[in-house]
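In what follows, a structure is listed as structure tokens, so that the remarks can point back to it.
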Amino acid sequence: MDERFRESELASKVDVTALHAAPEREPVALWLIVLIMVLMFFGGIFLWANSGGFQSNIYNTNKISWSGAGTGGPAAPPDPMVVGKRVFTQSCAVCHQTNGEGVAGQFPPLVGSEWVLSQDWHGDNHIVKIVLNGLQGVVTVKNVPYNNAMAPWGAVLKDDQIAAVLTYVRNEWGNKAPPIPVEFVSKIREANKARSEPWTQKELQAINREFVGPAAAPDSAAPAAPTAPTAPGA
Amino acid sequence: MTTSARSPQVEKVDASLRLPVLIFFGSAALWLVVGTFLAAVALTKLVWPQFLDGPAFLTYGRIAPAAVNALVYGWASSAGLGIALWLLARLGRAPLNYAVLPVVAGLVWNFGVFLGLLAIIGGYSRSIFLLEFPGFVSAILFVAYLFIAVWGIVLFRNRAAGAVFVSAWYLVAALLWFPGLYFTANALLVWHPVPGPAQAPIGAWFSSGIVNLWLAPIALAAAFYLIPQILGRRLLSYNLSLLGFWSFALFAAWTGMAQLIGGPIPAWMVSVGVVSSILLFIPVLVISINLLGTMQGSYGALRWSPSLLFTVTGAGVFLLAYVQGTLLALPGVAAIFHFTDVLIGHGALLLFGFVSMVFFGAIYYIVPRLTGRDWNGDGLIRWHFWLFVGALGVAYVSLTFGGMVQGFALNDPGVRFASSVGFATPFRLVAVLSALALLLASNIFAHLFFRTMLAVLEETKPLPEAVTV
């Protein structure tokens with residue numbers, strides 16, 4: 001150990017106060033002044049663009065553009081694909097798998113499934129009912145029979161989460177179908193309030209097809225129309 | 001082993017401050033040990049929830065705030081008050097008359113901290129960050145503070161004629177800022193709470209102010225005094241000190257609002273916080289240039305002066321921690337790292353790496369001058385330094401990396417919340433081990449302090465009565 005590593009041996013002979021008060025005053029370096037001015041300028045621009053005019057009723061900085069337009073206002077609604085992916089990962093991927101292919105012989109696939117895309121005898125209302133109340137018994141998906149049970153999610157997921165996850169599975173992995181609006185889920189939940197047991201394929205087939213929007217219905221139903229007559233016979 | 005001859009006036013100043021300042025330092029050392037112990041327990045519970053599972057007073061929700069409060073009010077504030085009194089007396093060449101008053105007030109302050117910690121552990125926490133003490137405890141602390149701080153102001157008023165050194169600017173400002181902060185925040189949040197939405201901005205303003213307007217100015221004052229004094233040279237630039245002080249005073253108070261980004265407060269408040277955090281880079285850069293520029297070419301002195309070693313390290317960490325603070329306030333960065341361990345690491349860097357480091361340096365410098373006796377065991381000072389720096393560095397790096405992983409996981413819609421916590425766990429485990437090393441370092445410091453005190457008591461007759469003028 002260094003024997004001189006001691007504090008008290010230091011002779012504090014200088015008087016910093018006197019030194020500090022010395023008459024010579026160094027000029028502040030030019031680059032420092034320039035840097036300070038640049039920082040102040042950008043700080044000012046940032047404040048101007050993000051202050052919402054210093055109004056007490058504007059809470060959201062996100063919507064303010066550099067031009068100052070569109071100041072404040074409510075936050076943009078979250079992307080249903082992002083919310084849907086989160087819900088799917090948490091609640092659905094265990095059985096249907098992250099790639100939506102399911103497990104052969106046990107859990108049916110969602111990719112290209114007529115149940116998901118509302119083809120054949122399926123409507124947008126059927127898939128919402130399944131997520132709300134679950135499904136049991138023998139089902140046929142892409143001409144392959146499955147006999148398993150799907151849990152009801154109505155008590156776990158809220159309407160917006162169900163809408164988001166259905167929108168997600170209908171538009172991921174190459175699937176293409178219109179998004180499911182929250183109001184559509186709420187309507188069906190309200191109509192099925194009394195029901196507690198899971199659906200069966202037979203029951204669902206007896207229910208008329210409904211579609212999310214008047215404009216969307218013919219589009220999504222059209223390709224399914226030629227094959228439609230074959231399914232109800234099952 | 002007495003110090004080199006000093007002027008009688010300086011002897012008189014030191015003698016008048018001996019008892020109060022040593023009481024502040026001694027109690028601070030004890031609270032440091034208590035605080036780091038509680039922090040280590042809380043961190044362990046974060047990684048291993050079954051640890052000390054049982055009675056309510058051992059739960060994380062009570063241990064963690066107790067640790068933070070012990071460190072901020074017990075350790076840092078007590079040490080800071082001692083340093084402030086000594087520096088103001090020494091700079092102004094003014095002895096402290098009526099030392100008995102700050103001594104009593106200091107004991108009351110410590111009693112208040114003790115009561116407050118008991119209240120937190122007992123479940124009477126106010127659950128507002130750094131305002132967890134119940135109302136009657138903060139009232140005790142406030143009154144005790146006034147009786148201590150008024151002597152700082154008196155010492156400043158009684159200063160010898162001549163210029164006012166930059167350290168004194170920071171000290172007087174801090175002594176005046178703290179009561180404003182503490183009274184306002186307690187009045188509006190603890191004693192007579194305002195309606196809900198207004199509480200968050202007040203809380204954020206207070207918690208950032210405790211660092212920026214109370215602990216940081218004292219630490220900067222100590223650094224501005226110690227570095228030129230130990231090296232025996234002039235501060236790099238008078239104009240830079242002036243620019244640094246006023247720009248720090250201007251921007252530091254506003255930065256807290258940036259914490260509330262995305263919260264339910266008007267947009268302009270958050271934006272003002274963000275802009276102040278960006279502009280705070282100006283004083284931070286100016287102060288660092290001044291402090292480290294004064295060191296320029298004299299880094300060899302770090303080998304023989306422990307207080308210079310601690311102080312300069314603290315000054316370097318000041319730059320690092322405040323630059324990180326500016327970066328973390330940027331909205332794009334905050335969106336990812338806001339609710340992660342990155343902020344825990346940043347808080348540890350501010351409190352331990354900057355404030356505590358400079359305070360250690362100041363205590364290592366001041367105590368031999370008060371006691372007229374060297375530190376008993378210089379090998380242990382090195383152990384204290386390297387263990388403290390090493391433990392803090394490892395904890396900071398691991399919490400920062402763990403927090404980054406956590407932040408990206410939180411922002412990935414495909415990752416569940418529980419998984420984002422799981423990702424951070426191995427990094428937290430490393431932080432637990434570092435916290436244990438930090439506890440050891442704090443114990444070494446306390447051991448050194450009290451061993452030196454014992455040696456002083458044995459060597460001389462009982463401490464000379466400090467109350468004499």
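The values are calculated or read from the model by the stated rules, or taken from the named source; none is laboratory data. Please read these numbers as outputs of a predicted model, since none were measured by experiment. With ideal geometry, Cβ positions are generated from the backbone for all residues, glycine too; neighbour counts draw on all protein chains shown. Note: accessible area is taken over every heavy atom of the protein model, side chains too, but ligands, DNA and RNA are not part of it. Shrake-Rupley method; radii C 1.70, N 1.55, O 1.52, S 1.80 Å.
Assorted remarks:
- Unique residue being within 14 Å of chain A (Cβ to nearest Cβ) and of a type in the set (Val, Ile, Thr) when the list is B:THR371, B:THR425, B:THR400: B:THR371
- Of all the numbered requirements in (1) in contact (Cβ under 8 Å) with a residue 40 or more places away in the chain; (2) assigned to a helix (DSSP H, G or I); (3) open to solvent by 20 Å² or more (accessible area, probe 1.4 Å), B:ASN97 misses one, and that requirement is (2).
- Residues of the range B:193-230 that are within 14 Å of another protein chain (Cβ to nearest Cβ) and not small (Gly, Ala, Ser): B:PRO197, B:PRO201, B:PHE224, B:TYR225, B:LEU226, B:ILE227, B:PRO228, B:GLN229, B:ILE230.
- Hey, B:SER78 more than 16 Å from the chain's Cα centre (by Cα) and crowded, with 19+ Cβ neighbours inside 10 Å or not: no
- In the range B:265-280, residue nearest to the other protein chains (Cβ to nearest Cβ) [restricted to those that are over 15 Å from B:LEU328 (Cα atoms), in a helix (DSSP H, G or I) and open to solvent by 10 Å² or more (accessible area, probe 1.4 Å)]: B:TRP268
- Of all residues in the range B:162-196, those being touching a Lys or Arg at 6+ places or on another chain (Cβ under 9 Å) and β-branched (Val, Ile, Thr) number 1.
- Any helices (runs of 4 or more DSSP H) falling wholly within the range B:353-469 and containing at least 1 residues that are acidic (Asp, Glu): B:378-410, B:417-459
- Test: residue in the range B:156-168 that is among the charged types (D, E, K, R) and open to solvent by less than 50 Å² (accessible area, probe 1.4 Å): no
- Scanning the range B:303-325 for residues being over 17 Å from B:GLY393 (Cβ atoms) and open to solvent by 40 Å² or more (accessible area, probe 1.4 Å) gives a total of 2.
- Failed condition for A:ALA151, given (1) closer than 15 Å to A:LEU204 by Cβ; (2) open to solvent by 50 Å² or more (accessible area, probe 1.4 Å): (1)
- So B:VAL21, is it among the aliphatic types (A, V, I, L, M) and open to solvent by 10 Å² or more (accessible area, probe 1.4 Å): no
- Only one of the numbered conditions (1) over 30 Å from B:ASP374 (Cβ atoms); (2) at the interface with chain A (Cβ under 8 Å from one of its Cβ atoms); (3) assigned to a helix (DSSP H, G or I) is not met by B:PRO283, and that is (2).
- With respect to the conditions (1) part of a helix (DSSP H, G or I); (2) at pLDDT below 95; (3) closer than 29 Å to B:TRP205 by Cα, B:LEU91 falls short on a single one, namely (3).
- Whichever residue in the range A:172-200 is over 26 Å from the mean Cα position of the chain (by Cα), open to solvent by 40 Å² or more (accessible area, probe 1.4 Å) and not hydroxyl-bearing (Ser, Thr, Tyr) and, among such residues, is nearest to A:ASN147 (Cα to Cα): A:GLU197
- In the range B:34-58, the residues that are farther than 19 Å from B:LEU436 by Cα and either in contact with an Asp or Glu (Cβ under 9 Å, 6 or more places away or on another chain) or in contact (Cβ under 8 Å) with a residue 24 or more places away in the chain (or both): B:ALA56, B:PHE57
- Residue check for A:THR71: within 10 Å of chain B (Cβ to nearest Cβ), more than 12 Å from the chain's Cα centre (by Cα) and either on the phi < 0 side of the Ramachandran plot or modelled with pLDDT of 80 or more (or both): yes
- Residue list for the range B:176-216, restricted to those being free of Cβ contacts under 8 Å to residues at least 24 places away in the same chain and closer than 22 Å to B:ALA258 by Cβ: B:GLY180, B:THR184, B:LEU188, B:VAL194, B:GLY196, B:ALA198, B:ILE202
- Residue that is least open to solvent (accessible area, probe 1.4 Å), among those in the range B:367-396 that are β-branched (Val, Ile, Thr) and over 17 Å from B:GLY314 (Cα atoms): B:VAL367
- Restricting attention to the range B:3-53, the residues that are assigned to a helix (DSSP H, G or I), aliphatic (A, V, I, L, M) and within 14 Å of another protein chain (Cβ to nearest Cβ) total 2.
- Count of the range B:231-264 residues, restricted to those that are modelled with pLDDT under 90, within 7 Å of chain A (Cβ to nearest Cβ) and buried (at least 19 other Cβ atoms within 10 Å of the Cβ), is 3.
- Filter pass, B:LEU130 being in contact (Cβ under 8 Å) with a residue 40 or more places away in the chain, at positive phi and either in contact with a helix residue (DSSP H, G or I) (Cβ under 6 Å, 6 or more places away or on another chain) or open to solvent by 10 Å² or more (accessible area, probe 1.4 Å) (or both): yes
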